[in-house]
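Chemist: Quick one: this structure, given as structure tokens, is what I'll be asking you about.
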Amino acid sequence: MRPRLFSYALGILCAGLVSSCTIGPDYKRPDAPKAASYTSKPMTSETVASPVALGNSQRFVTGNIDPYWWKAFASPRLNALIERALQSSPTIDAARARLEQAEQTYLAQGGTTQYPQVSGNTGASRQRINKAAFGQPGSSSTYSLFNAGVNVGYNLDLFGGNRRMLESFAAEADYQRYQLDIARLLLVTNLVSTAITQAQLAAQIEASEQILSAQEEELDVTGKRLSLGVSSPNEVLALQTVVEQSRANLPQLRNSLDQAKHLLAVLAGLPPSSTEVPSFALTDFTLPAELPLIIPSELVRQRPDIQAAEALLQAANARYGVAIAKRYPQINLSADIGSQALTASSLFGAGSLVWGVAGQLTQPLFHKGLFEESRAAKAGFDAAEANYRQTVLNAFQNVADVLGALEHDASSLAAQAAANSAAQASRELVKQKYALGVANYLDMLSAEQQVQSNTLNLIAAQSRRFIDTIALYQAMGGGSLLPEQANANQADLRMISAH
């Protein structure tokens, strides 16, 4: 009897599974953009070069991005800091935890909707019956009842509502995976940018201190000339104003440098007071000679923010299918088998078997709001689709802006290098005149200040080229840090729905 019972129940389940279908529109990935380039004007194959440190040209190369792209800056200390940050950053830990939560929610939902739910139960009760209530002679009877059994329940999901819901949970897990990629990319780009900013500020502080020293010396010389009657008080006051302005700028630069160091520590998962964060100089970095450039049709498949927007689009499409499926019949199957006896010793003996098989079909007849719910889900899908298109446009604008910055800042550095060379040549000419007695010492100090002022601008221009390079890596999506592991996780996550 028992084998035939289970065969009967299994046959019902298999027949239902074979005949089931999935209501609602199947998800279709958005078409790749047809744009061939990011800007309306022709792009140069490489940036201009300038005869100064960090003035090398940069050539654009089509291809994939190295997942460890920051190593192109050739700074071992930066590499070590990034490696530490990726392991200990609270931001990354939070993103990993959200991904784990989404994956486990998906697996839990799959376990409750795709497989039969089997429960075991056992119990005992003591009852007293008044026989007179049933028209029988005698007073009352007391007896014990023992029972044990197994219950199997299954929602047939004939029209795929559960499968659509599972699809939405899978898409939300994908969304959190791309959010983790975004968190990693932002962490790395912020670390590299802050290290460059720290190096720039340190160099500008050094140049500013040299400028201030030259100005103080010029003020001292002018003060001596005033005592000799060959200079005026107005000249001394004007120079003193310039000196104090330069002195006032230094604390601001030092404050910005302190803040950059504090930010580096926090990004690395360390307290601002930590002494483990290294100091950087611009000479610690190499400007990459080759820059990756991904065509627009491929960028949408590699930028994590676009992929995250697409995951939300897929989730919205699945929720629309869930809303439609609610208007169709729901079939629930259940089977019970067990035993009942008046004594525990005879619970599993002959004649104690009890069983039952049940099926229930529920068809919504008048459920006010079902159609409105499906229309709301469709509107949610339309909003997600519009958000996806806007994300793609923003990404293309981001790339276009960075490409323009790379070109213009390279040209700006070339012009700044020429201005710096002219200032140095002017200083050398003044030195020669001073040696011949044609120029005075104040002329020499003024020429030196001009060189140092140009040095400040040159440092800023050099740093901008690093920042532009970092921005391009970010605009291209930064690559996946652990592509093999990510693909394996996705395969494991969907294994439960492969059947």
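Chemist: Mind checking whether some residue in the range 43-51 is assigned to a helix (DSSP H, G or I), closer than 30 Å to Q200 by Cβ and hydroxyl-bearing (S, T, Y)? Write out each step before concluding.
Modeler: Step one: of the range 43-51, the residues assigned to a helix (DSSP H, G or I) are none.
So far as the range 43-51 goes, no, none of its residues is assigned to a helix (DSSP H, G or I), closer than 30 Å to Q200 by Cβ and hydroxyl-bearing (S, T, Y).
Condition check ((1) polar (S, T, N, Q); (2) in contact (Cβ under 8 Å) with a residue 60 or more places away in the chain) across all residues:
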{"site": "I92", "(1), (2)": "no, yes"}
{"site": "L99", "(1), (2)": "no, yes"}
{"site": "G111", "(1), (2)": "no, yes"}
{"site": "R126", "(1), (2)": "no, no"}
{"site": "N147", "(1), (2)": "yes, yes"}
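Table: residues versus (1) surrounded by 15 or more Cβ atoms within 10 Å (Cβ to Cβ); (2) touching a residue at least 12 places away in the same chain (Cβ under 8 Å); (3) under 23 Å from V188 (Cβ atoms).
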{"position": "D409", "(1), (2), (3)": "yes, yes, yes"}
{"position": "S412", "(1), (2), (3)": "yes, yes, no"}
{"position": "N420", "(1), (2), (3)": "yes, yes, no"}
{"position": "Y434", "(1), (2), (3)": "yes, no, no"}
{"position": "M444", "(1), (2), (3)": "yes, yes, no"}
{"position": "Q450", "(1), (2), (3)": "yes, yes, no"}
{"position": "S453", "(1), (2), (3)": "yes, yes, no"}
{"position": "A461", "(1), (2), (3)": "yes, yes, no"}
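Chemist: Same structure again: Based on this model, can you work out whether Q416 counts as part of a helix (DSSP H, G or I) and without any contact (Cβ under 8 Å) to a residue 12 or more places away in the chain?
Modeler: Numbers: part of a helix (DSSP H, G or I): yes; without any contact (Cβ under 8 Å) to a residue 12 or more places away in the chain: no.
For Q416, the condition - part of a helix (DSSP H, G or I) and without any contact (Cβ under 8 Å) to a residue 12 or more places away in the chain - is not met.
Chemist: Of the residues that make up the range 248-257, is at least one crowded, with 20+ Cβ neighbours inside 10 Å, out of contact with any strand residue (DSSP E or B) (no Cβ under 6 Å at 6 or more places or on another chain) and touching a residue at least 12 places away in the same chain (Cβ under 8 Å)?
Modeler: Within the range 248-257, none of the residues are crowded, with 20+ Cβ neighbours inside 10 Å, out of contact with any strand residue (DSSP E or B) (no Cβ under 6 Å at 6 or more places or on another chain) and touching a residue at least 12 places away in the same chain (Cβ under 8 Å).
Chemist: Any idea which of A316, A335, A248, A323 is aliphatic (A, V, I, L, M), assigned to a strand (DSSP E or B) and more than 24 Å from L185 (Cβ to Cβ)?
Modeler: A335
Chemist: Need pairs with beta-carbon distance below 8 Å; first residue under 30 Å from Y154 (Cβ atoms) and within the range 341-359, second part of a strand (DSSP E or B) and of a type in the set (F, W, Y); sequence gap 6+ or separate chains.
Modeler: Pairs that qualify, where the first residue is under 30 Å from Y154 (Cβ atoms) and the partner is part of a strand (DSSP E or B) and of a type in the set (F, W, Y), are A341/F146; L347/F146.
Chemist: Just for the range 278-292: of the residues that are under 14 Å from Q200 (Cβ atoms) and not aliphatic (A, V, I, L, M), which one is surrounded by the fewest Cβ atoms within 10 Å (Cβ to Cβ)?
Modeler: If we take residues in the range 278-292 being under 14 Å from Q200 (Cβ atoms) and not aliphatic (A, V, I, L, M), then T283 is surrounded by the fewest Cβ atoms within 10 Å (Cβ to Cβ).
Chemist: Can you spot a residue in the range 200-220 that is over 30 Å from A335 (Cβ atoms) and of a type in the set (S, T, Y)?
Modeler: yes
Chemist: Would you mind telling me which numbered condition in (1) surrounded by fewer than 20 Cβ atoms within 10 Å (Cβ to Cβ); (2) in contact with a Leu (Cβ under 9 Å, 6 or more places away or on another chain); (3) at pLDDT below 95 L156 fails?
Modeler: (1)
Chemist: Additional query: Could you check the range 431-445 and list, in sequence order, the residues that are in a helix (DSSP H, G or I), hydrophobic (A, V, I, L, M, F, W, C) and over 60 Å from the mean Cα position of the chain (by Cα)?
Modeler: Passing the criteria: A435, L436.
The values are calculated or read from the model by the stated rules, or taken from the named source; none is laboratory data. Treat the numbers as computed from the prediction; the structure is a model and nothing was measured. All Cβ positions, even for glycine, are placed from backbone atoms using ideal geometry, and neighbour counts span all protein chains on display.
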